[in-house]
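Trainee: Handing you a structure now.
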Amino acid sequence: MCIEPTAVTDTLTLTPQDNGDLAFNIFTNAFNGHSCSAEGVARQTGAQSWRFERQSEYGEGICKVDITVKGGSVHFQQDYEAGSDCRDYCGNRASLGGTFPLSSQQP
């Protein structure tokens, strides 16, 4: 069986809130067709940083994700060291994370 390569696109939509928080919607593609999809509001933790935390609906932990703007990119990273559990949002071989260059912004 021959499988043709397929182009995929990760997407991240950010909407600043009046109180400094950041609403987001993310969709990422990973190995073998697995993906992650999440949306929510991240609380501001610094001048260019936010943190999303939500209790897992199916696991026992809390999904913890840090969002930072640094070096011309938005970095979206699950906090594994804090025991983050984001399985509610992802397939088996995927994780919430990625680097999104600000130069790739769409209107």
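Just so you know, all these numbers are worked out from the coordinates, no wet-lab data involved. Note that the structure is predicted; figures quoted are calculated from it, not measured. No Cβ is skipped: glycine too gets one built from the backbone with ideal geometry, and neighbour counts run over all protein chains shown.
Trainee: Which value, in debye to the nearest 20, describes the size of the charge dipole of the range 11-100 about its Cα centre when Lys and Arg Cβ atoms bear +1, Asp and Glu Cβ atoms bear -1, and nothing else is charged?
Mentor: Computed charge dipole of the range 11-100: roughly 260 debye.
Trainee: Residues with beta-carbon under 13 Å from that of Gly20, excluding Gly20: net charge, scoring Lys, Arg +1 and Asp, Glu -1?
Mentor: Summing Lys and Arg as +1 and Asp and Glu as -1 gives 0.
Trainee: Subtracting the Cα-Cα distance from 0.36 nm times the residue separation, let me have the gained length for Thr13 to Gln44 in nm, one decimal.
Mentor: 9.5 nm
Trainee: What is the gain in length, in nm to one decimal, between Thr68 and Ser35 on full extension, counting 0.36 nm per residue of separation less the C-alpha to C-alpha distance?
Mentor: Working it through step by step, the gained length comes to 9.8 nm.
Trainee: Given [x] 17.0, 62; [y] 15.1, 48; [z] 14.6, 53 as candidate values of Rg and Dmax of the Cα atoms in Å, which corresponds to the one derived from the coordinates?
Mentor: Among [x] 17.0, 62; [y] 15.1, 48; [z] 14.6, 53, the one derived from this structure is [z].
Trainee: Separate question: Taking R0 as 30 Å, what's the FRET efficiency between Tyr58 and Asp21 from their Cβ-Cβ distance, rounded to 0.05?
Mentor: Efficiency at R0 = 30 Å is approximately 0.75.
Trainee: Taking the Cβ of Ser95 as the center, what net charge do the other residues with Cβ under 15 Å away carry, scoring Lys and Arg +1 and Asp and Glu -1? Write out the running numbers ahead of the final one.
Mentor: Numbers: positive: Lys64, Arg87, Arg93; negative: Asp10, Asp66, Asp79, Glu81, Asp85, Asp88.
Surrounding charge for Ser95 is -3.
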